[in-house]
Structures are given as structure tokens and as C-alpha cells.
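> Take this structure, written in C-alpha cells, and hold onto it; I'll ask about it next.
The values are calculated or read from the model by the stated rules, or taken from the named source; none is laboratory data. This one's a predicted model, so the numbers in the text were calculated from it and none came from an experiment. Every residue, glycine among them, receives a Cβ derived from its backbone with ideal geometry; neighbour counts consider all protein chains shown. With ligands, DNA and RNA removed, areas are computed over all heavy atoms of the protein, side chains included. Shrake-Rupley method; radii C 1.70, N 1.55, O 1.52, S 1.80 Å.
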Amino acid sequence: MDSHEHFEKYLNLSYHFLSIRNRSEKEMRDFLTRKNAAVEIIEDVIKHLKEHNFLNDETFARSFVLSQVRLKPKGSVLLKIELRQKGIADAIIQNVLAEVQEEIPDELSQAKSLIAKKMERMKGASRNEIYSKIGGFLSRRGFSWNIVKKAIDETLQENN
């Protein structure tokens, strides 16, 4: 196979990979590396995909954040970690999180909606047990302790 045939082969694999969901540049590089593509082929494919707007880390980050918040609410701490793992630059992460703040509910509202069902199941539990279990749950979802405490406090006040 000549280099053009290799390029076409890996480009087609990339299109298929992108048909499942948007990807970051790092995810695409990792995918092509796993498929044993040569470094120069990877660079050519990435360049082609970027030129034709199939790869754009900022667009990817924006759609990732919006889908994550809508499907499974998470705090900004966890979103930042997940975006970094996907190879998104810190500057892009900051910009995207600042932009989408207007489109998503604030973290306190998200946290309170997540714990509504859990609070029902914990009727009769001590305050410490509620903070321990629900606080741990929200912390694992990437909410800061300030948000966790405020969400639990407000929910307990509303239920009394």
C-alpha cells in the first residue's frame, strides 16, 4: 500500500470513529495510534479533519459539557478533570465553562435536584448520616464542599 492508500484507510477509520460522537484531537490521535497508523499519517489525517471542521477541541468541549450537565449533572470540578483527560487545553476549558454557564442551571440547583430522591429515602436518618451519604454522593459528582453543604442545608430546611 502506498502512503495515499494508508491515508485513505485511516481517514475512513477516523470518519467512522467520529460518526459515533464528536472527539477531541487527543482522542483521535490515541485512536489512530491504537490502529497502528504511522506518525506522519496521523498528522496528515488530523490536519485534514481540522481543515474540514471534523475536529475542533473548543466545539467538542462545549458539546461535551452541555450533554454531561443535561444527562447526568456534574460539578465543574469533575467536568474540568474529564475535559483534561480528553486532552482539552485549560484555556479552552475555562472559556467553555464560562460560556455555558448561561445555558445550564447553576451548580446549586443541579445538586439540589440530584439529591431530591435520595433525601426521601433518608427520612429519619441523622443529620450526620445525611451529610455523610449525600455529601459523598455529590462530591463524587464533582461538586465543591460549599455547594454540597448549601444544597443539603437548603433541602433539609425545605423539608422541615
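> Search region 80-96 for residues being in contact with a helix residue (DSSP H, G or I) (Cβ under 6 Å, 6 or more places away or on another chain) and within 22 Å of Leu138 (Cα to Cα), and hand back the single one that is surrounded by the fewest Cβ atoms within 10 Å (Cβ to Cβ).
Lys80
> Scan region 10-56 for residues that are over 19 Å from the mean Cα position of the chain (by Cα), loosely packed, with under 12 Cβ neighbours inside 10 Å and not in a helix (DSSP H, G or I) and jot them down.
If the condition is that a residue be over 19 Å from the mean Cα position of the chain (by Cα), loosely packed, with under 12 Cβ neighbours inside 10 Å and not in a helix (DSSP H, G or I), then Asn36, His52, Asn53 are the ones that fit.
> Going through Gly135, Gly75, Gly142 one at a time, which residue ends up being on the phi > 0 side of the Ramachandran plot and either loosely packed, with under 14 Cβ neighbours inside 10 Å or not acidic (Asp, Glu) (or both)?
Matching residue, one of Gly135, Gly75, Gly142: Gly142.
> Which condition from (1) among the hydrophobic types (A, V, I, L, M, F, W, C); (2) part of a helix (DSSP H, G or I); (3) open to solvent by less than 40 Å² (accessible area, probe 1.4 Å) is the one that Ala125 breaks?
Failed condition: (2).
> To continue, here is another question. Is it true that some residue in region 151-159 is among the hydrophobic types (A, V, I, L, M, F, W, C), open to solvent by less than 30 Å² (accessible area, probe 1.4 Å), in contact with an Asp or Glu (Cβ under 9 Å, 6 or more places away or on another chain) and part of a helix (DSSP H, G or I)? Give the derivation first.
Just the residues of region 151-159 that are among the hydrophobic types (A, V, I, L, M, F, W, C), to begin with: 151-152, 156.
With open to solvent by less than 30 Å² (accessible area, probe 1.4 Å) added as a condition, the list becomes 151-152, 156.
Filter once more, so that each one left must be in contact with an Asp or Glu (Cβ under 9 Å, 6 or more places away or on another chain): 151.
After this cut, where a residue has to be part of a helix (DSSP H, G or I) as well, the list is 151.
Yes, region 151-159 contains a residue that is among the hydrophobic types (A, V, I, L, M, F, W, C), open to solvent by less than 30 Å² (accessible area, probe 1.4 Å), in contact with an Asp or Glu (Cβ under 9 Å, 6 or more places away or on another chain) and part of a helix (DSSP H, G or I).
> If we keep just the residues of region 108-133 that are of a type in the set (A, V, I, L, M) and more than 19 Å from Val69 (Cα to Cα), which is modelled with the highest pLDDT?
Per the criteria, the residue is Ile130.
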